Every structure is written in structure tokens, then in C-alpha cells.
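Everything below concerns the one structure shown next.
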Amino acid sequence: MKAIRRFTVRPVLPEPLRPLSDLARNLRWSWHPETRDLFQAVAPEEWQRCGGDPVRLLGNVSAERLTELAEDRRFLRRLTAAADDLHDYLAGRRWYQTAPQAELPAAIAYFSPEFGITAALPQYSGGLGILAGDHLKAASDLGVPMIGVGLLYRHGYFRQSLSREGWQQEHYPVLDPNELPLELLREGDGTPAQVAIALPAGRRLRSYVWQARVGRVPLLLLDSDVEENAPGERDVTDRLYGGGSEHRLLQEMLLGIGGVRAVRTYCRLTGHPEPEVFHTNEGHAGFLGLERIRELTGAGGLEFDGALETVRAGTVFTTHTPVPAGIDRFDRELVARHFGDDGELPGVDVERVLALGMETYPQGEPNLFNMAVMGLRLAQRANGVSTLHGQVSREMFAGLWPGFDPEEVPIISVTNGVHAPTWVAPEVFRLGARQIGAGRTEDALSVGDSRRWSAVAEIPDAAVWDLRRVLREQLVEEVRRRLRDSWRQRGAGAAELGWIDGALDPDVLTIGFARRVPSYKRLTLMLRDRDRLMDLLLHPERPIQIVVAGKAHPADDSGKRLVQDLVRFADDPRVRHRIVFLPDYGMAMAQKLYPGCDVWLNNPLRPLEACGTSGMKAALNGCLNLSVLDGWWDEWYEPDFGWSIPTADGSAIDEHRRDELEAGALYDLLEARVAPRFYDRDATGIPQRWVEMVRQTLVTLGPKVLAGRMVREYVERLYAPAARAQRVLTPEVAGELARWKARVRAAWPQVTVDHVETGVPTAPANGSAELGATLALRVRVALGDLLPDDVEVQVVSGRVDESDRITDATTIALKPTGGPDLEGRRLYEGPLALDRTGSFGYTVRILPAHPLLTHPADLGLLAVPSESTSEAAGVLMR
Ligand SMILES: *Cc1c(COP(=O)(O)O)cnc(C)c1O
């Protein structure tokens, strides 16, 4: 019979066990093995059944068992120790508290459409969400006062299984927030706090705010499943990345606008300091800037432009993808309908809103509203997520700063990291603890002290190799279990499944490949030459085995076809003991998979993998990377600890040929380098050179790939400068800056470089000059209504390439020395040193200048000599 209503009956814990409830509610258990061990001891079998989820465990454990534990002195001592440890963790001074306080923001709000904290709170689809989870955890470890903001999806992302034919099936289990590690944010009188946003035609979208505790960091999740909402509105937060464009827009309005309101409510109710910096993880939460403009223009009394300045100063935007499909773009009409007088943010001019998302570059679509473009316009500080991705992003968005070279586009990079306490297997942690002690190992993992990591060098070969074997064996068992479940689900009977006991071999070189399945990640590159792959799998002395996993987006049939191709290959009785596809890739699987593999494979189409983080998690467990030089691997790869798959990017060859070349290179590496090294054993059976690579991976990559390192970089390079900039912009200063910008913009068409001349001693009349000579530059400019203080006139010089582009530019400001003459022109002068041999060139340019501009390209304005001016002046020399 079906129940007509459901309740969650929370257990009443006997008094001595009360601290268990706090331990279960703070997600720190998810990265603290001792707390997990304690929960396991509560009811070992139930713990297995609950998938290691303390809240469910406490909901299911029997009253008798609880009574028993309440009298178990040994258990109670452990419980007290764990509760004290959590208390110290929450209250103690950490890295942030030891830095000079005045410099750092009082709080930072971090917005993301998804958060992967633990499998017990399934609110993520892949790398972006898990990165966000790792960001919050590392912030907590470092004591950074952060508030996370996201949505609570009632069905999370989908669960994946396979049909008999290997076609991806999607399921959307209903999540009951009462059974999740969440608490409802409540007003002082106990009623649930609500935030609401206005929709067209008088509709309202209300939401509750659930709070998860991520160590020291609160994570606020907005949930539109509120009874007073109309049915359509109730479903706004139904699924992560589901639904059509209007649905997505509503989700993003709720996340951005509702999210700021949730933060305000949270701070009001708890006394938490208000954020000085707002960080948006990808463009989806970009509307948060509009809400803050509304706050400042309404009660704040600022004009739109002044409010925009204040908001920009305190906003950080991180872009995560160079793949256009990864960026949200909405119909302008749709956005227009939801803002303005009939929708949300009345009083904020719709045209101004629309202009923020306009693709004002040559290939831009005039009818689309681009969330990444708005992100860049609303944030004064922006970054990509690896050095290479920073460079790719500067090129990709250069059109927003016309006239500037890509190198000058104000997008920096902060390379991603991963939260080691979450991703390091307990066995690896224990080995570290034996070597240098548990406390120091914890420190090394969270803060990233490289001296601690160098202790790995002293671990004996045999200990490293034994550990690798243990981890591989555990993976093999896990794979068999999952494989059996998957085949049962695909309709196989027990009698057909005897082969699974022999699937994978704990002594065979194990390669892992797991990730989402967008086409650029090339799940099936390894299938390019099936015979060759089969030979590698079945090699008589040096076989390899491969574990593959990944979800295709539900709307992506071509991705599902790739999954099916792989599944069908892996179903073949000739190879099914050496290659497996595991359905339902997620954090729980990932935590077993990375440590158990010997090699982590990554073969995206370079440079489309912005960073990639799974290889970092693998590295922290001593798994070696075999990857295309893309994302983080491009930055940190060294032959001492991994392999780079040669690529054919940048060449004019077609996609097919490129795949063929790169797959060929992959097979060659596996056959000639990777497998021989793994199977090259000494007299004691240890592959010494392999173990050396494992050790190098840990010592060299360990301290770099940490989320602790990443968050410290965000604090030092982005949050602290943003907080300082934002403090300077009092309403008066912001208003002044905005008026100055408006004046400069209006005057700019009259700003020109009229004449450039190079004086004695060695005017390059014949186009050549001597090294060491200095030219005297005289430049005549017109500034229209502007004054010399409003601009900087610069000479930019350096080597030039075949197309006369200056490559390694040096910039020097020229000094105003005269004028204005009768035509209003001013003279600027300065020396130009010919300090490089070969093709050398220079140009002159005028930029707006103001002490509060953080970046010379900030306004996107510049004036350079016209063609005729340059020719007359002989700007280029050879
Ligand atoms: C780390 C992780 C990812 C991201 O991996 P990439 O290498 O960035 O593709 C995706 N899913 C899960 C479950 C992860 O743990």
C-alpha cells in the first residue's frame, strides 16, 4: 500500500550520546576518518547499508543499540574525544586568523550552482561542483570566513544505470531534506525563513534556506519546494542542469538574487559578518551582482553607475570552460521579460541589465544574453583555472577589450586544487602518519607544507609498493561488487555471472578513466584501434586492465552513444575480465577508484580541459598520470613522474586524423613505456623505477595540487585586493569614479595620437639602428575635453614578429612637456632605448588613467596612432 504522507521521525538520542548528533550534522566527518570510524562503531552493518552516511545511520539504528552504547564507557570516551576535536577545529585559530586582520575581508560569499561535499549530499554533477565543495572545505581548514550559497535540488543530478544493450538509463530519486545533513534556517520565532523573488505577471518565487555545516563554513541552499508557491515555481529547484532555458533562467535568478537575500537573512539571524567579497564560481550565479546593484541604488542612494563600481570592486568571477556549450546564454527577450518593472529588480533599468550580457565582439550574437560576459562586466577581478586556461580565456574574451592584446586582458589564473583530506585514501594517510605523525600529516594535506611532503622520500620502496598493491586489490573487489550489481540490473541471472569473480586481477597494471562524457573529453579515444587495444589488454607478459566510468548529460544522445560503444566493447567475453565500465560515477566511487589505479588517463582535445582535477586526486594517492598536456598537466608535468601524450592541436588536420594520431601515440606510450616500467621488477619483485615515479609524484605534485594552496591564492591575489578596493569605494568615491568614467567615455572619440617623431641621435632613416642607442620620442596628442591627469600616454616597444606585432612588450609612460597649442594639442616626450637586437618596433598609445583603476584595460578604451600617423613617423624599424 502506498503511504499518503511521509514523515521523518528523528531518533531521540540518550543523553550521553547527544554529541553524536552534532558530529553527524557537521560534514567535517566526510573528511575526518576518526569521526567516520566512530560512526562505524555505532552499528557496523547499518553503517555499510547506509553507505557511510551518519544522519541515515542515526535514523536507522535500533533503540536497544543506543541504550547499550550509552553505557559503553570505551565508546563514550571516544565520543568525547571526537566531540572535543570538532570543537577545537571549529573554534581554534587557523591560517587566516594569523594573517594581518585589517587587510582581509570580514567574510566572503561563494556562489556555485552545484556543490560536491559528500556522496551523502548529492548536489553535484561533476568537476565544477566537486571543486566548489573542495573550496569550502579548504576554506574551513584555513579558517577563511566563507559562506557557501547554492540551490537544493530535490532530485539532485541523475543516477545512471545501463540497459541490457548498454544504453544509459537515468533515475531521479527524490531527496527528502529531512533525511539529509541539513537544517532549515529559521526566524527567531521558529518559523522557517523565506526569501522570495518577483516573477512576471505578479508571480512570486519563494524559497526556504537549508543550511549544511561544512566544518566552519555554512553552506546555504535555496529550495523552491514551498507550499505557497504555484506548482511551476515549486519545481524550479527540481533538478540540477535540467529543463529548458526559462527553467534555467529561474534557477539562476534564484541562485544569484535569492542567494544574496539568503546571505543577508543568514547574517541577520546569526550575527555572522556581512560578506565584503562575492565570488561566483562560473557564470550561473552572475545575477548576484544585479541584486547588489539594486540594494545600493534603492536604500543605498547610489546611481546605477556608482553602484556598479562598488559591486565590481568586491566581485570575483571564475570562468571554468573554454567550451561554448558550457556557458549559459539566454534569449535577450526572455531576460528582458524577467527584469524591469513587471519582474524582479524594479527600479533597475532593463536596458542596463541587458547591456551587461551583450556579446559586443565581432562573432557575438546580438540576441543573446551571455552569463560569462555579464560575469566579466560585473567583476573587476576574474580568473581562469590553470595557467593554460588563463591564456585561452584571455584570447576567448579579448573581444570585450577591443584594441588590447590578449596578454593584457584582465583575466588571471589560479590553478585548481583538491581537498586532500577528502581524496587521500585512509591507507595512504596511515602510511604518512607512521612516517611523520598524524598531526603533521593532517597539516601537510590541508595547508600544503612542502617540507612535510618531502618526508615521503624516506618511505622504503617495499612499503610504497605494498600500499599500491593493497589499494589495487581493494579496487578490484569494489569493481567486482559494482559490476555484479550492474549486471543484475541489466537483467542477468546469477548463473551468467560466474566470470565476475575473475574480473580484473590485483597484480595487473590498472588504468583508470572516469569523467563526465562531453565530446571533448573523448571517452572512446582508446577504442580508436580496437585490435591494438585488445593486444594491450591481453598481452601475455605485460597486460593492462582498464576501469572506465562516466555519465553523459541526459539530453546528450551522442554522449550516450559513446558510453554504449564502450560498454559493448567491455561486454565482449574476450576482454571483459580486463576492461570494465562502471555505471553511476560519483564521489563514492571516485574515492575508491583514484587510489586503486596505477595510472590515471586523460585525453581531452587540447586546450578544452580548463584544468581537470581527477588526475590531482589520483596523484595524491600515488597514481601516475598519463595525459595530454592540457589544463593542470600542461603546467606541472615532468617526465620524472608521468607521461605526456603528444597532441596534434594547432595543426590544420581534421578531427578524425587528429584522433587517429593521438590514439596512436597513446598506444605507443602504453606499450613501450608504461607497461614495461610497471613490469620491470627487481629480485624482490619491486618495480624500482615505478616506485620512484610514485614517490616523485607525491613529493613534487603533493603540495601543489592542494585546495589549501588554491584557497590561499584566492585570498591573497583576489579576495584581499577586492576587499580593499571595495572599502575605498564609499558611496561618494564610487559616484565620483562613475562620473569620471562617464566623462572619459564621452570624451574618448576626440582623443587621438596625431604625430609621432623620433629625434636624434640615431633616427632610423634607413630603417636600421644600433643596439644601445636611445631615441628621443616626441608625441603630439589631442585629448579633447580631457586633461593630462585623465590619461597616460605610453610607448610600447619590443621585438616584432612577421606581421609587425610587438611580442614581448615593455611599456613606459611619456611625460607631458607642452601644450595645449592653438589646436588643443599637447606634447609628450620620453626616451626610447633600443635594448634589443633584431626586429624591433614600438608604438604609442593613450589609456585612461585614474588611481582607482585596477587594470589599464579596465574601461576597454585606448587610442593608437592612425595608419597615416604611423607611416609618417616610421613607427616600425627593421
Ligand atoms: C574530481 C571529479 C570529477 C572531475 O574530474 P575531471 O578530471 O575534472 O574531469 C568529476 N566527477 C567526480 C565524481 C570527481 O570526483
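Points to keep in mind about this one:
- In the set (1) open to solvent by less than 70 Å² (accessible area, probe 1.4 Å); (2) under 35 Å from the mean Cα position of the chain (by Cα), the condition left unmet by L777 is number (2).
- Residues satisfying the criterion are present in the range 642-659 (criterion: surrounded by fewer than 24 Cβ atoms within 10 Å (Cβ to Cβ), aromatic (F, W, Y) and away from the ligand (no atom under 16 Å from the Cβ)).
- Taken as a whole, the condition of being outside the structural domain of I257 (by TED's automatic domain parsing) and in contact with a strand residue (DSSP E or B) (Cβ under 8 Å, 6 or more places away or on another chain) does not apply to L136.
- All positions within the range 264-286 that are in contact with a strand residue (DSSP E or B) (Cβ under 7 Å, 6 or more places away or on another chain) and among the hydroxyl-bearing types (S, T, Y): T265, Y266, T280
- Listed by first and then second residue, the pairs with beta-carbon distance under 8 Å, at least 6 apart or on different chains, first residue in the range 115-131 and over 18 Å from M616 (Cβ atoms) and open to solvent by 10 Å² or more (accessible area, probe 1.4 Å), second within 8 Å of the ligand (Cβ to nearest atom) and not aromatic (F, W, Y), are T118/M587; A119/G586; A119/M587; P122/G586; S125/R516.
- Entry remark, the range 547-558: residues being more than 22 Å from P122 (Cα to Cα) and within 16 Å of the ligand (Cβ to nearest atom) number 1 in total.
- When each of E34, E45 is tested for being surrounded by fewer than 16 Cβ atoms within 10 Å (Cβ to Cβ), outside the structural domain of E179 (by TED's automatic domain parsing) and at pLDDT below 95, the lone residue that passes is E34.
- Subset of the range 197-230 [open to solvent by 20 Å² or more (accessible area, probe 1.4 Å), among the aliphatic types (A, V, I, L, M) and free of Cβ contacts under 8 Å to residues at least 60 places away in the same chain]: A230
- Test: residue in the range 252-264 that is in contact with a Leu (Cβ under 8 Å, 6 or more places away or on another chain) and outside any helix (DSSP H, G or I): no
- Scope the range 93-109; condition of a type in the set (S, T, Y) and either assigned to a loop (DSSP other than H, G, I, E, B) or buried (at least 16 other Cβ atoms within 10 Å of the Cβ) (or both); matching residues: Y96
- Any pair with Cβ under 6 angstrom, 6 or more apart, that starts in the range 502-516 at a residue that is over 11 Å from Y594 (Cα atoms) and touching a residue at least 24 places away in the same chain (Cβ under 8 Å) and ends at one that is more than 16 Å from the ligand (Cβ to nearest atom) and in a loop (DSSP other than H, G, I, E, B): G502/H577; A503/H577; V508/P543; L509/D598
- Residue match in the range 35-51 (condition: under 30 Å from V711 (Cβ atoms) and outside any helix (DSSP H, G or I)): yes
- Residue in the range 654-674 that is assigned to a loop (DSSP other than H, G, I, E, B) and charged (D, E, K, R) present: yes
- Residue within the range 110-132 that is at pLDDT 95 or above, more than 16 Å from the ligand (Cβ to nearest atom), under 20 Å from the mean Cα position of the chain (by Cα) and part of a strand (DSSP E or B) present: yes
- Restricting the range 55-80 to residues that are in contact with an Asp or Glu (Cβ under 8 Å, 6 or more places away or on another chain) and open to solvent by 60 Å² or more (accessible area, probe 1.4 Å), the residue that is nearest to N26 (Cα to Cα): R56
- Note on the range 478-521: among residues that are assigned to a loop (DSSP other than H, G, I, E, B) and out of contact with any Lys or Arg (no Cβ under 9 Å at 6 or more places or on another chain), the one that is nearest to the ligand (Cβ to nearest atom) is P518.
- Applying the condition of being of a type in the set (A, V, I, L, M, F, W, C) and not in a helix (DSSP H, G or I) to the range 133-147 and asking which residue is farthest from the ligand (Cβ to nearest atom) yields I147.
- Going through (1) within 12 Å of the ligand (Cβ to nearest atom); (2) in contact (Cβ under 8 Å) with a residue 60 or more places away in the chain one by one, G615 falls short only on (2).
- Cross-chain or 6+ apart pairs with Cβ under 7 Å, the range 44-56 first and closer than 18 Å to P11 by Cα, then of a type in the set (S, T, N, Q): E46/N60; W47/Q40; C50/N60
- Selection count, the range 168-188, where residues are touching a helix residue (DSSP H, G or I) at 6+ places or on another chain (Cβ under 7 Å) and under 25 Å from G559 (Cα atoms): 1
- Selected residue [open to solvent by 40 Å² or more (accessible area, probe 1.4 Å), assigned to a helix (DSSP H, G or I) and assigned by TED's automatic domain parsing to the domain that holds G340] from R248, R239: R248
- Positions within the range 373-426 being in a helix (DSSP H, G or I), closer than 30 Å to L250 by Cβ and within 16 Å of the ligand (Cβ to nearest atom), in sequence order: H389
- Matching residues, the range 74-132, being touching a Gly at 6+ places or on another chain (Cβ under 7 Å) and β-branched (V, I, T): I117, I130
- Any chance M534 is open to solvent by 10 Å² or more (accessible area, probe 1.4 Å) and not in a strand (DSSP E or B): yes
- The residues in the range 162-200 that are assigned by TED's automatic domain parsing to the domain that holds I257, on the phi < 0 side of the Ramachandran plot and small (G, A, S) can be counted, and the count is 4.
- Considering residues of the range 378-397 that are without any contact (Cβ under 8 Å) to a residue 24 or more places away in the chain and open to solvent by 10 Å² or more (accessible area, probe 1.4 Å) only, the residue nearest to A723 (Cα to Cα): R394
- For the range 179-193, a residue qualifies if it is over 29 Å from the mean Cα position of the chain (by Cα) and either closer than 23 Å to A119 by Cβ or in a strand (DSSP E or B) (or both), and the qualifying residues are R186, P192.
Listed here are the residues, each with its yes/no results for (1) modelled with pLDDT under 95; (2) open to solvent by less than 10 Å² (accessible area, probe 1.4 Å); (3) within 8 Å of the ligand (Cβ to nearest atom).
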site: V567; (1), (2), (3): no, yes, no
site: V575; (1), (2), (3): no, yes, no
site: G586; (1), (2), (3): no, no, yes
site: A590; (1), (2), (3): no, yes, yes
site: L593; (1), (2), (3): no, yes, no
site: L601; (1), (2), (3): no, yes, no
site: V628; (1), (2), (3): no, yes, no
site: E635; (1), (2), (3): no, no, no
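Condition check ((1) closer than 19 Å to L354 by Cα; (2) open to solvent by 10 Å² or more (accessible area, probe 1.4 Å); (3) among the acidic types (D, E)) across all residues:
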{"position": "R268", "(1), (2), (3)": "no, yes, no"}
{"position": "G271", "(1), (2), (3)": "no, yes, no"}
{"position": "E303", "(1), (2), (3)": "yes, yes, yes"}
{"position": "A313", "(1), (2), (3)": "no, no, no"}
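The values are calculated or read from the model by the stated rules, or taken from the named source; none is laboratory data. Only a predicted model underlies this, so the values are computations on that prediction, with no experimental measurement involved. Here Cβ is always computed from backbone atoms with ideal geometry, including for glycine, and neighbour counts include all displayed protein chains. These area figures cover heavy atoms from the full protein model, side chains too; ligands, DNA and RNA do not enter into them. Shrake-Rupley method; radii C 1.70, N 1.55, O 1.52, S 1.80 Å.
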